[in-house]
Amino acid sequence: MKLVILDRDGVINEDSDDYIKSPEEWIPIDGSINAICELGRHDFIVVVATNQSGIGRGLFDEYDLARIHQKMCSAIEDAGGFIHGIFFCPHAPHENCNCRKPKTGLLSAIASEFNLSLEGIPFIGDSLKDIEAARSSHCDPILVKTGNGEKTLAAISGKDLKGITIATDLRHAVPNIIDRYS
Ligand SMILES: [Zn+2]
C-alpha cells in the first residue's frame with residue numbers, strides 16, 4: 001500500500017491567521033486538487049493530518065469543520081480524486097494533548113487505521129510542526145513553500161534541512177512523489 005500524508009492549511013488550501021472557520025473561507029491553493037487526483041491515479045492512499053486548534057479556542061466547532069471537509073472532499077471527488085481519511089487535532093495548545101503536531105498522535109492513529117508502518121512515508125507540510133512530527137514518526141518530510149512554507153524554510157538552518165525535500169507547492173511536489181515512491 002502506498003500512503004501519502006498531507007497537512008491541510010497552507011498545503012491543500014490557503015492558510016489564514018484568522019483560521020479557516022467556515023466552508024466559505026476554505027479556498028484551494030492553485031493546482032492542489034488536481035495534484036491529489038494525480039496521486040489517486042497512481043494508486044496512492046491520500047490522508048490528511050491537520051491541527052485545528054480553532055475548535056479548542058472556541059472559534060468554530062466540529063460541525064463547522066465537518067462542513068469544511070465536506071467542501072474539500074466534494075471538490076476533490078468532483079475532479080476525480082479521493083481523500084481516504086482526515087485526522088484532526090481539535091485541541092488548543094494549553095490542553096497538552098498527544099495529537100497536536102509536532103506530537104505524533106495523529107500519525108500513530110493513521111498507522112493503526114491503515115495497519116502500516118509510517119517509516120519512509122511521504123508527509124507534506126508547510127510548518128516546522130509538520131517537519132518535526134514527520135521526523136519523529138520516521139516519515140519523509142516534504143516542505144512546500146505555500147502557507148507558512150517560506151517562513152519555515154527561512155527558520156531552518158542549513159543542517160536542519162537534511163532529509164527534507166523542498167517543493168514550490170503541492171502541484172510541484174506530486175510528480176516527485178510519484179517517481180520516488182511508486
Ligand atoms: Zn490534540
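The values are calculated or read from the model by the stated rules, or taken from the named source; none is laboratory data. These figures come from a predicted structure and were not determined experimentally. Backbone-built Cβ (ideal geometry, glycine too); neighbour counts: all protein chains shown. Side chains included, ligands, DNA and RNA excluded: accessible areas come from the protein's heavy atoms. Shrake-Rupley method; radii C 1.70, N 1.55, O 1.52, S 1.80 Å.
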> Exactly one of (1) buried (at least 17 other Cβ atoms within 10 Å of the Cβ); (2) away from the ligand (no atom under 16 Å from the Cβ); (3) without any contact (Cβ under 8 Å) to a residue 24 or more places away in the chain is unmet by residue 15. Its number?
Replying inline: (3)
>> Tally up the residues in the stretch 114-132 that are in contact with a His (Cβ under 9 Å, 6 or more places away or on another chain) and either over 20 Å from residue 32 (Cα atoms) or free of Cβ contacts under 8 Å to residues at least 60 places away in the same chain (or both), please.
In response: 5
> Which condition does residue 92 not pass, out of (1) within 21 Å of residue 14 (Cβ to Cβ); (2) more than 16 Å from the chain's Cα centre (by Cα), if it passes all the others?
Replying inline: (1)
>> Go through the stretch 113-128 and report how many residues are out of contact with any strand residue (DSSP E or B) (no Cβ under 7 Å at 6 or more places or on another chain) and either within 16 Å of the ligand (Cβ to nearest atom) or under 23 Å from residue 17 (Cα atoms) (or both).
In response: 2
> If residue 135 satisfies every condition in (1) within 12 Å of the ligand (Cβ to nearest atom); (2) in contact (Cβ under 8 Å) with a residue 12 or more places away in the chain but one, which is the exception?
Replying inline: (1)
> Could you say which residue among 80, 105, 40, 31 is in contact with a helix residue (DSSP H, G or I) (Cβ under 7 Å, 6 or more places away or on another chain), closer than 27 Å to residue 2 by Cα and open to solvent by less than 50 Å² (accessible area, probe 1.4 Å)?
Replying inline: 31
> Can you spot a residue in the stretch 88-108 that is more than 15 Å from the ligand (Cβ to nearest atom) and either modelled with pLDDT of 95 or more or not in a loop (DSSP other than H, G, I, E, B) (or both)?
Replying inline: no
> How many residues does the stretch 58-87 hold that are within 16 Å of the ligand (Cβ to nearest atom) and part of a helix (DSSP H, G or I)?
Replying inline: 2
>> Just checking, does the stretch 150-169 include any residue being more than 26 Å from residue 17 (Cα to Cα), touching a residue at least 24 places away in the same chain (Cβ under 8 Å) and either among the hydroxyl-bearing types (Ser, Thr, Tyr) or open to solvent by less than 50 Å² (accessible area, probe 1.4 Å) (or both)?
In response: no
> Quick one: would you say residue 120 is exposed (fewer than 15 other Cβ atoms within 10 Å of the Cβ), outside any strand (DSSP E or B) and in contact with a Cys (Cβ under 7 Å, 6 or more places away or on another chain)?
Replying inline: no
> Quick check: anything in the stretch 3-13 more than 15 Å from the chain's Cα centre (by Cα) and on the phi < 0 side of the Ramachandran plot?
Replying inline: no
